[in-house]
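Reviewing the structure listed below.
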């Protein structure tokens, strides 16, 4: 899990490249190389610019379909038709398969006969009512029997409809585990992902975003246009994360997608040795090319400030008393030291709250290594320009500071 970081978005004079900052140079001047320091410096004039600053919590997680549903028959019977195969896309309500209806129809007829008999018994008791307590008790009992028989008849009639299995959700059929002639046991369907309920098939949603690794259900359907990401956020960072926060996601292939925090878990997991809270992110839109189980990195944006005036941090000098200054450069190249008030430092940029305006040019000095002390393959130059050869096997890195890559003074061998 990566720590909370500041990132920089947008750019007028600053461009974000691969997590770093590239400065747009508006004017340049050069400074002479220092032979003693053995490095070169280059002065650049960079414009103070308005940027958007974001505070993020960075972590990683796994893509899963929002819906992954196991679908099975709610009634027992012999399979008479299988209408789809693995890899086929279905819409909600499409017929997946059917079982014979002989058994369920027989059960429905029996239940209807029982209901009719109970109703006739009740009617007779009501006709014979003589007003006594005994007669009233008989009528109440017969009425209860009619209610029970009605419920049984309704259930048996619904079972006839359940003999035709339909897709509860739209998606891709990823598994078909039955064929014509198989006998079903009448188990209910279940779902994982968003916890949706498969109506009309006896299905119930119990998932929390996990992906089933194996299933013996008749069919498995996953969504192809709705995705979510399961993340884990450390105890110190979870307080900054809230439902609705924007999330920037990146796959290992470099593809960028976006989402919003849909849920922040209340109970942490400590399996990794430190408390971490589950965070679910709903992917925005229906990006193509996403796959179940794909690893992604995530930056949860919990604070964003726009139009923040910034300059490169290298342009700001702060003395021992805490006073900060920058060197202003006018159109003629004249330089003026100006006191500024700084805010937060974000990456290689520093916020300026007072003392500058957008577009003001400030001087930035960049140092690069010189070539005066370079050496290759155990040869180089000692002070004074002497040359020579070091003993075989001698490590040039052991030479004193300021010496070259490995040569001895003229007429001298190292170590003698």
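The values are calculated or read from the model by the stated rules, or taken from the named source; none is laboratory data. Just so it is clear, the model here is predicted, and its values are computed rather than measured. Neighbour counts run over all protein chains shown; Cβ positions are idealised from the backbone, glycine included.
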- Residue by residue through the stretch 265-293, note down the ones that are closer than 12 Å to residue 230 by Cβ and either assigned to a strand (DSSP E or B) or under 14 Å from the mean Cα position of the chain (by Cα) (or both). 269, 276, 277, 278, 279, 280, 281, 282, 283, 292, 293
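Going by the conditions given, is residue 82 at pLDDT below 90 and crowded, with 16+ Cβ neighbours inside 10 Å? Walk me through it before giving the result.
Numbers: at pLDDT below 90: no; crowded, with 16+ Cβ neighbours inside 10 Å: yes.
For residue 82, the condition - at pLDDT below 90 and crowded, with 16+ Cβ neighbours inside 10 Å - is not met.
Say whether the condition of being in a helix (DSSP H, G or I), under 28 Å from residue 74 (Cβ atoms) and either under 60 Å from the mean Cα position of the chain (by Cα) or in contact (Cβ under 8 Å) with a residue 12 or more places away in the chain (or both) is met by at least one residue in the stretch 123-139. Steps first, answer last, please.
Within the stretch 123-139, the first condition is being in a helix (DSSP H, G or I), and the residues that meet it are 123-127, 133-139.
Adding the requirement that they be under 28 Å from residue 74 (Cβ atoms) leaves none.
No, the conditions are met nowhere in the stretch 123-139.
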- Task: Look through 262, 269 and report the one residue that is touching a strand residue (DSSP E or B) at 6+ places or on another chain (Cβ under 8 Å), loosely packed, with under 13 Cβ neighbours inside 10 Å and either farther than 16 Å from residue 56 by Cα or touching a residue at least 24 places away in the same chain (Cβ under 8 Å) (or both).
- Result: 269
- Task: Output yes when any residue across the stretch 31-52 is at pLDDT below 50 and in contact with a strand residue (DSSP E or B) (Cβ under 6 Å, 6 or more places away or on another chain), and no when none is.
- Result: yes
- Item | Residues being surrounded by 14 or more Cβ atoms within 10 Å (Cβ to Cβ) and in a loop (DSSP other than H, G, I, E, B) - total across the stretch 301-357 | 5
- Query: With respect to residue 67, is the statement that it is buried (at least 18 other Cβ atoms within 10 Å of the Cβ), at pLDDT below 85 and in contact with a strand residue (DSSP E or B) (Cβ under 7 Å, 6 or more places away or on another chain) true?
  - Reply: yes
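On the basis of being modelled with pLDDT under 50, under 23 Å from the mean Cα position of the chain (by Cα) and in a loop (DSSP other than H, G, I, E, B), does residue 211 make the cut?
Details: modelled with pLDDT under 50: yes; under 23 Å from the mean Cα position of the chain (by Cα): yes; in a loop (DSSP other than H, G, I, E, B): yes.
Against the criterion (modelled with pLDDT under 50, under 23 Å from the mean Cα position of the chain (by Cα) and in a loop (DSSP other than H, G, I, E, B)), residue 211 qualifies.
Among the candidates 96, 109, which residue alone is more than 30 Å from residue 172 (Cα to Cα) and under 54 Å from the mean Cα position of the chain (by Cα)? Before you say what the answer is, go through the steps one by one.
Values: 96 fails: more than 30 Å from residue 172 (Cα to Cα).
Sole residue among the options that is more than 30 Å from residue 172 (Cα to Cα) and under 54 Å from the mean Cα position of the chain (by Cα): 109.
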- Message: Quick test for you: out of 84, 104, pick the one residue that is touching a residue at least 24 places away in the same chain (Cβ under 8 Å) and in a helix (DSSP H, G or I).
- Response: 104
- Query: How many of the residues in the stretch 141-163 are within 30 Å of residue 226 (Cα to Cα) and surrounded by 18 or more Cβ atoms within 10 Å (Cβ to Cβ)?
  - Reply: 2
